[in-house]
Structure formats: C-alpha cells, structure tokens
1. I'm trying to understand the selection: among the residues of region A:27-73, which are on the phi > 0 side of the Ramachandran plot and touching a helix residue (DSSP H, G or I) at 6+ places or on another chain (Cβ under 7 Å)?
2. Quickly run through region B:308-330 and pick out the residues that are touching a residue at least 60 places away in the same chain (Cβ under 8 Å) and hydrophobic (A, V, I, L, M, F, W, C).
3. Got at least one residue in region B:479-497 being over 30 Å from B:LEU288 (Cα atoms) and modelled with pLDDT under 85?
4. Any idea how many residues of region A:126-142 are over 15 Å from A:ILE88 (Cβ atoms) and either more than 10 Å from chain B (Cβ to nearest Cβ) or part of a loop (DSSP other than H, G, I, E, B) (or both)?
5. Can you tell me which condition B:LEU686 does not meet? The list is (1) away from chain A (no Cβ under 14 Å); (2) under 33 Å from the mean Cα position of the chain (by Cα), and all the others hold.
6. Is one or more of the residues making up region A:90-102 within 14 Å of chain B (Cβ to nearest Cβ) and within 15 Å of A:SER136 (Cα to Cα)?
7. The conditions are (1) crowded, with 19+ Cβ neighbours inside 10 Å; (2) hydrophobic (A, V, I, L, M, F, W, C); (3) under 17 Å from A:PHE81 (Cβ atoms), and A:LEU138 fails exactly one of them. Which is it?
8. Does B:HIS621 meet the test of being part of a loop (DSSP other than H, G, I, E, B), more than 13 Å from chain A (Cβ to nearest Cβ) and either out of contact with any helix residue (DSSP H, G or I) (no Cβ under 8 Å at 6 or more places or on another chain) or on the phi > 0 side of the Ramachandran plot (or both)?
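The values are calculated or read from the model by the stated rules, or taken from the named source; none is laboratory data. Because the structure is a prediction, the values reported are computed rather than measured. Neighbour counts run over all protein chains shown; Cβ positions are idealised from the backbone, glycine included.
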Amino acid sequence: MKSNKDFRLERNAAGQLVMVDADGTVHEGVVPLRAFPISAPDDGVSLLGEDGHELLWVERLSGLPDEMRALIEAELAQREFMPEITRIKQVSSFATPSKWQVATDRGDTELLLKAEDHIRRLTGSTLLITDGYGVSFLIRDLDALDGHSRRLLDRFL
Amino acid sequence: MDVSTISPPSSDSPIPDAWHQVLQARLADRERIHAWFETDLDDRLSFSKGLLLVTDRRVLALTAAGQGCSEHRLAAGQTLRQQDHAGIGSIGLFDGGTRLGCWRYTMAHGADATRFVRQFEQALNGLQGAHPAGVAQPRLCPLCLAPLAPDQEECAYCDIEAEAPPSSWVLLRLWRFARPYRWQLLAGFLLMLASTAATLVPPYLSMPLMDDVLIPFENGKPINVDMVELLLGGLLLSALLAWALGWAKTYILALVSERIGTDLRTITYDHLLHLSLEYFGGKRTGDLMARIGSESDRICLFLSLHLLDFATDVLMILMTAVILFTIDPWLALVTLLPLPLIAWMIHQVRHRLSTGFEKVDRVWSQVSNILADTIPGIRVVKAFAQEKRESGRFRQVNQHNLAVNDRINRIWSLFSPSVTLLTEIGLLVVWAFGIWQVTHNRISVGVLTAFLAYISRFYTRLDSMSRIVSVTQKTASGAKRIFDILDRVSSVPEPAKPQHLERIEGRIDIRDAGFRYGNRAVIRNFNLSIAPGEMIGLVGHSGSGKSTLVNLLCRFYDVSEGAISIDGVNIRSLPIAEYRSNIGLVLQEPFLFFGSIAENIAYGKPHATRTEIVAAARAAHAHEFILRLPHGYDSLVGERGQGLSGGERQRISIARALLIDPRILILDEATASVDTETEKEIQRALDNLVRGRTTIAIAHRLSTLHKADRLVVLDRGEIVEMGSHEELMGKEGAYFRLYQAQARNVDTDLDDQNGSPPQTAKESAA
C-alpha cells in the first residue's frame, strides 16, 4: 500500500474529493475514513476509492500539508456523526426503554436508550451510547460530567 | 524354589500371597520369575483372578485357585501384544502370526499390563543375550497410564471425586484465604466480645430496678429518684455502647469477609484458567460459572452474616450462662435444661440436611446448565422447531428441583417450629420453677424478671442459631465445590526446571507419541519430523486424530507416551506460556472477545502499536472491511463477533495470529466453515501467514492443502501414508481414495478441484 506523499487532493465541481496519485492517475469520489475514530482519531486515516478499495494510507493527519488536511477533515466532518454528550438533563425512566434529554456538542437532543447493554464502556471513563436509531453518542470522560448527569447515568451502569 | 523369594527383580510389588502355594507346585527348581501380572477376567469375561508369569524359560498362565494352567516355552520372535477396547484390555502372546494365548483384564490394571509387556520384552532380550536397557520409567497413573510428573501425587485425569457428603470441616480450609486478614479478624472478635457483653447489661440492671424501686413502691415507699436516674442512665449508656460496638464489629467483619470472597473468586478463576483443556472438556460452562460466581458469594455471605451471628450467639449463651449461675445456680440449672435436647435435635437434622443440600445444589446447576446449553444453541433449537421440547426439558428439571426442595423443606419446616415450641416450654418451666422459688422466698421478684429477660433473649437466639445448621451445610458444600477446582492439578504441569529457547527455529520432532483419552487410544506410535518452515497437511477422516495431534502440539494435553520436541528440546521442559507464544493457532470457529476489533487483533500481544495492528490486518486482508465498519478498528464486536460474517471473523483471527509473528502455525480447519468465495479470500490471507513458518494445517477439503510440502494421512491415530500430493496420488492408497471421494462430490468442491467454473459462468453471463 502506498503511503508516499506524492499525491494531490482536490474537490471537484460535484463536491467529491478527487485524488491524483504519484503516477497521475485520477481517482474521483474518494472517501476518507478514520481507522481509530474513538481511541486515536488523528492516527491512521485511509482514503478509499469508489470501489471500496484502499488508495492511500495516511499514518498521521497532522503530517499532511495544511490544505490537504483541511480537505480531508472537512470531508470527515461531513460523514462522521458522533455527538458528544456534555450533560444529561433528564431521563424519562430508570427502566429501559428510556428517553433521555441530553446536551451534546452539537446541540440539545433526545435519545432513546433501548437497553442498558447499549451503553458500552470503551475505556475506563469513555462510554459509547448507541440510541434506538443507531446514532452513537460519546461520553468522552465520565468523571468530567456534572454531578446531576453522573447520578442519572449511574442508575444505568 | 523358596516362595519368599518370589519377587521378580524388576517389579515393585510382591506377588499376592494367595498364589504362593500354587506357584510352589508349578515352578521348577531354580526357575526365576521375571515378571508377573494378575488378570481379573477370564475367557468369558467373568470376573475371576488369574496370574500371568514370565520366568527365565517360559510364559505361565494360571487361572483362579490354580485349577487351570497353560504354559508356553519362551522363544525368540515371540511378542506380547496389548490391546484395549471399552475398558477391557487384553494381552496376546504371538509367535509370528499365530496366537498362542490371550488373557484379559479390566483397565484398572492397565498400567500393570504395560509394565508386564515391557518386562516380557526385557526377559526375551535377556534370553537372546542382550542386556535389558536400564531406562528409567516415569511413574504412570495406575488408571489411565498417563505419566505422572515427579511432583504430582495423583493423576489429574482420574482423580475421582469423593462421593461422601462434605463435612463442615472443609470450611476450615477457608483459613488459607482468611489468613491475610487475621488482625482485622481479631479486632472484629474483640469488638464482638465487647458488644455482646454490652447487650447483657440491661437485664442485669432490671434486677435492682424491680427489687429496690418498684416493689418497695408497691409496698408504699416513695420512689428513690436518684437511683432511678442512675439505673435508667445505665440502661441508656449500655444501649448506646452496644449500638456503637455492634456497628464497628459488623462493619469490620463484613469488610473482611467481602475481601475474602473476592480473593476466593480471583484465585479460583486464576487456577481454573491454568487448568488443561481436559478439565474444561469434562465440565459444563454453567456449572463452572455457578461455582465461581454464586458459591463464592454464598461463602462470603456465610462469613459476614451467619457465622458472625452464630459466634455472637454462642458468646451470648456462654456469658448469659455465667451470669445466671452467679445469680442463682438452681434456677440457672432449670433454665439451661432444654439446651441439650435442642442440641440433639439440631444434630439429627444436620445429618439429614447435609446430603439434601448437596442434591439441591446439583439440581440447581442442572437448571443453569440447561440455560447455558440452550441459549447459545438457540438457532439449532429454532431451526428444528424444538422450542417445546426444550421448554419441556427445562420444566422437567425445574420440577425435579421442586421435588428435591420439597423433600428438604419437609424436614426443614418442622425444624423451626419445634425449636420455638421448646423455647416456649423452656420459658414455662422457668416461670413455674421461679414462682415456686419466689413463694418460698428463695429469690426475689427482681431475680425472676431478670432471668426471664435473659432467657427470652437466650431462647430467641437458640432459634436463630438453629439456622446455622443448614447454612453451614450449604456453605460447606459450596466450599467443597470450589476446593474441587483449587485442588485440581493441571494435567499439563509447568516444568520444575524450565529450559528457555532464545529463538525458535521451528523444527518439530514427534517420537513414538501416544495419547489416550480415558481408556481410548487416540494417537498411537506416532513418529513425524517437521523441518523449519515446512508446511505439513494433515489429512484423514474425522476421528482419525488430527485435532488431537494439534492439541498435543499446542500442549493443551500432554502425550501419554513418547515425546514431542521443538528444536530438539522436549516441549514439556519449556514454560507453557513461553512455548505457546511461539504458536499461532487459527481455528475453525474463530472466537472474538467482547471488545474492539483492534483489541481482538492485539489479543496475543496487548501492547502492539496501532501501526502493527493495521499491518497485521492488511496482511490478513481484513483492513478494508474493517475500515468500512462504523467505527473502524474501534468497532465493538460481541461475544461471538456478532455483526461480522464467518469469513470476516476468520480474517480477524488470522490477523491475530499474524501479529504475534509465531514460528509455528497451526491451522485447524481454518477455512471449513465458509463458502468457497470467502475461502479464496482467506486462503490469500493464509498464504501471507504461512510464509516462512513451520505450518501444520488440517483441512477437510484436500484442495486447500495444495501448498503443503508434505501430506500426512492419518487413520485411527496412526500415519498410514506420507508424501507430496503427486506421490500419494501415484500410490493409489488411502489419500487417493479420499481425493477421489471428494472429487466425486462435485456440488461442493467443483470449484476447488479444477479451476474456477463459477467465475467463468459469471463472465459468460455478463
């Protein structure tokens, strides 16, 4: 797999990412994906071609020239949706299914927790909550939440 | 010949006395016995003793009580052949192709038979003038013939669990876990003493309250306010003291018992993980889970609650008895009279309950076993529409559970009311005797009230004390089940003096290896040398011993005979974990643990960097599908890797094997459970894995072994053919037949046999 830096990225008129690799081949509709979106978002980003095969492996996003990184990050930001819960305001019940009113880094919303199993502990204090519609909510640091949120959350852990 | 010298030089025990007379009659003068073996079955397989002897000139077989006798002159070229089937072994004496005689025994004597055959060979060598080889024989387990390690007392395979109900003494063994907390325990005990003493103060104070305050008041004297204040103050103080001390005692002891419980669980689990696969094969998951989970919890509860209460009660009874005797010995005697009766009753019930509670436990683990069996196999249950039958099975066990509990409860339910009845009768006796004493002015009313106050506490404690019987029994059986695990010695022991290999080349030599599973020989006389980097394909029908061989190579089991060595070093002398870290194992059913994909790939090397993980996944052709998962390498996979296809899971397990970069690779039907298209994908991943490593591959589809340097064809635990595909096809032997059989099975293997027709079909369609 190529990991040389001799490639160019640009955005075409259709809003797709286009990659021109070292020997001049043009790949349209390039999709960037993070390999470790939760544990190490900056390590390892893969650029996949339209056919789903890997075109290029970027070891570290920060190692890329600024404009390319901006392009990739913009593309990633459009695809990635993992709101980070900053506060749990209210829960409808302590038995599942339960509706939670939460504040996230993307605004306030409501999530439906179908079962306690859907709260998964990733590392010591990082939790991933998958709601009834498949959206993943992240709690990056359990201990950083305020007391009210933690008390509510504690009833489900 | 002098019978007292009948003790063959090479055997370790003398011939049983019963044979001496017969022998004296049969043996010629100066005839020396080389070996003997007592058989316990006759020709018609009835139990009947017989004796086989090898002397310096003949083989002599005697039947029970010396009624029959056959003899064969010892001659060069004779062999003894040992066979066994379904627990019955036989020794046949052969001369070339003719059988001269055959004797049978139960496998309980299997080890003796093996020794006898060996000594026979030595005797025959001696006859031919060769010196018997003075090879030191390892000690063998008398039951299953597995060699015992020098430090192993009993064979771990055949250690038969005792059938007797567990005695409560087994609880004393918990001391091993309590020892680290002995100072806290001592503190708790002292607090217990103090708090019990504090609770005994109030009834004592009621005596002067009655005699010096209330009764004089009834008789017309004014109340002594100072004294009342003093006494009531004392009552309050003692209550407060008892409260504080009781809290401290309960807290400390609960803390300690919880820690003991935790240690117990952790140590048991640790021990369990180090037991060999053999143990896990024989136990059911539900049962083991119950042992580690609920039994240890029960022990913990017993220590923190029941034992504590019981000890407090005993202390209270002793202290009360002392106080009562100091107040009035006669009344005390009458009061304590029912005690022996109750003790006797408790003993009676204890006896019956002990076996009962073991049975309850067993039935309970049957209940959980059914759940543990059915829930993972739910697809099969549903596919065959057997919900009703499973539910019936569960109901049946539940009914059984109910019946067992009913029987126990019948005794148990009678127990408590009887104790209460005795309590009431005891109180009645005290009342009657006390009133009689009071009327004769021997004691004051105050003393009688104090006695009644003491004794009503005393008897209510007896009632709760009686509960300790069942609880102790339950806990003892729980403790026994835990110690069953802890006492088990791994049948794959760590070497006493481990050797270390710096860098393993990957040469494997299997010499005269044999393995028996129970009384069934699975591998016999196995000899194979594998060069570093060579790829060996193991071929054979199912049950031919392929997987057993893999288990032996991984040292999940130990060979019962012969040896397996790596780079010339016996694998039994290498530390197990160190040895296994050189082996990459890819199984038919890849097992993914709960956790992220990255963690699963790094399972064998937890500190692998992300770059290494990605590299391994790439080599296993897993990188791209992992990237397409919602969270990439951070995606969580469940117990059985839910949400991933069989091929994807298999590629993750290949990446896992690649990451530890093993010198030896074992592929156990790695591609058996996937379709041919996926198989190709996996095969490409495997090709990366195999490169430069010593590989042993088992595959049912012979075509997947096309890269193997050598194919080894197994049948019933023995090598029947060995060579490359072309050689074996040329021989037209067992391999040829297997290959032909598969080639005929066009539906499934057409694709594998000749090119790839499905793709051609697709192309032509397009």
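1. Step one: list which residues in region A:27-73 are on the phi > 0 side of the Ramachandran plot, which gives A:29, A:44, A:52.
If the condition is that a residue be on the phi > 0 side of the Ramachandran plot and touching a helix residue (DSSP H, G or I) at 6+ places or on another chain (Cβ under 7 Å), then A:GLY44, A:GLY52 are the ones that fit.
2. Taking region B:308-330 and keeping what is touching a residue at least 60 places away in the same chain (Cβ under 8 Å), we get B:308-317, B:319-320, B:323-324, B:327-328, B:330.
Residues satisfying the conditions are B:LEU308, B:PHE310, B:ALA311, B:VAL314, B:LEU315, B:MET316, B:ILE317, B:MET319, B:ILE323, B:LEU324, B:ILE327, B:TRP330.
3. Filtering region B:479-497 for residues over 30 Å from B:LEU288 (Cα atoms) gives B:497.
In the following step, the residues that additionally are modelled with pLDDT under 85 were identified as B:497.
Within region B:479-497, one or more residues are over 30 Å from B:LEU288 (Cα atoms) and modelled with pLDDT under 85.
4. Of the residues in that region, 5 qualify.
5. (2)
6. No, that holds for no residue.
7. That leaves (1) as the condition not met.
8. Details: part of a loop (DSSP other than H, G, I, E, B): yes; more than 13 Å from chain A (Cβ to nearest Cβ): no; either out of contact with any helix residue (DSSP H, G or I) (no Cβ under 8 Å at 6 or more places or on another chain) or on the phi > 0 side of the Ramachandran plot (or both): yes.
Considered against the rule, which asks whether it is part of a loop (DSSP other than H, G, I, E, B), more than 13 Å from chain A (Cβ to nearest Cβ) and either out of contact with any helix residue (DSSP H, G or I) (no Cβ under 8 Å at 6 or more places or on another chain) or on the phi > 0 side of the Ramachandran plot (or both), B:HIS621 comes out as no.
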